[in-house]
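Undergrad: Next up is a structure, given as structure tokens.
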Amino acid sequence: MNVWIRALRLALPGLILTGALQGCGSMLAAINANTISDDPGERTFYQRLADETIETKAIVNLHDADEGYDDTHLIVQSYNGYVLIAGQVTTEELRQKANDVVRKIRDVRRIYNELEIAAPSSTMTRASDSWITSKVKTFLITGSDTPGMRVKVVTEDGVVFLLGMVTHDEGDRIAAEAADVSGVQRVVRLFEYID
């Protein structure tokens, strides 16, 4: 009998919480709440977590797939399953293998392979790229007409890559604003358009 009482004590809080949560939907329906709609440009918690998982798995799996990646500079960024692979590799084989490795990761919807066959970029170049990314991101976040929080900015060797879910008009404005930042050589749009 003592075991049953202990089990009931452990289960009771969960049962109460489940009942309360089930009642929330009924309560909203009963008070004639307005329509609840999704923002097509907003990622869910799961989508953000999936993007972080894609980025981590891609880097680990690339290095595990070939020791040649140990002498490269790799950047992997994901936004809603759209994956950018950038940086420098030493051979065309490594460039192509990156696609094969990343394609096997769950939740990858599209791959943009922007790897260059070259020596890894210098520390000075990477510092400059970080500075450009910071300037572009700050400009987008403080700009009133741009959805800066829905855009990832990645800079590699002066080239700014833009990922995010935007309308065509927003994408045009974001790309134009990014191109106006000093130090930007070129802007590449990798958007998922939502209009």
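Undergrad: Using each residue's phi in the stretch 155-163, evaluate 6.51 cos²θ - 1.76 cosθ + 1.60 at θ = phi - 60° and report the 3J(HN,Hα) Karplus result to the nearest Hz, with x for Gly and Pro.
TA: So the Karplus estimates, Gly and Pro as x, are 10, 9, 6, x, 9, 9, 9, 10, 10 Hz.
Undergrad: If the reach is capped at under 17 angstrom between alpha carbons, list the lysines near K104, excluding any in the same chain fewer than eight residues apart.
TA: Partners found: K57.
Undergrad: What spacing in nm lies between the two simple spin-label points modelled at R48 and M124, each 7 Å away from Cα in the Cβ direction?
TA: The answer from the label model is 3.8 nm.
Undergrad: Moving on to the next point. Could you please state how large a percent of the accessible area of the stretch 96-154 is carbon and sulfur, counting protein chains only and using a 1.4 Å probe?
TA: 54 percent
Undergrad: Which far-off residues, 5 or more places away or on another chain, put their amide H under 5 Å from the one on F161, with H placed in the peptide plane?
TA: Here V154, T155, E156, V188 satisfy the definition.
Undergrad: Additional query: For the stretch 67-195, with every protein chain kept in place, what is the accessible area per residue (1.4 Å probe, Å²)?
TA: Ligands and nucleic acids excluded, the figure is 49 Å² per residue.
The values are calculated or read from the model by the stated rules, or taken from the named source; none is laboratory data. All values derive from a computational prediction rather than experimental measurement. Glycine also receives a Cβ, built like all others from the backbone with ideal geometry; neighbour counts cover every protein chain displayed. In case anyone asks, the SASA skips ligands and DNA or RNA and just uses the protein heavy atoms, side chains included. Shrake-Rupley method; radii C 1.70, N 1.55, O 1.52, S 1.80 Å.
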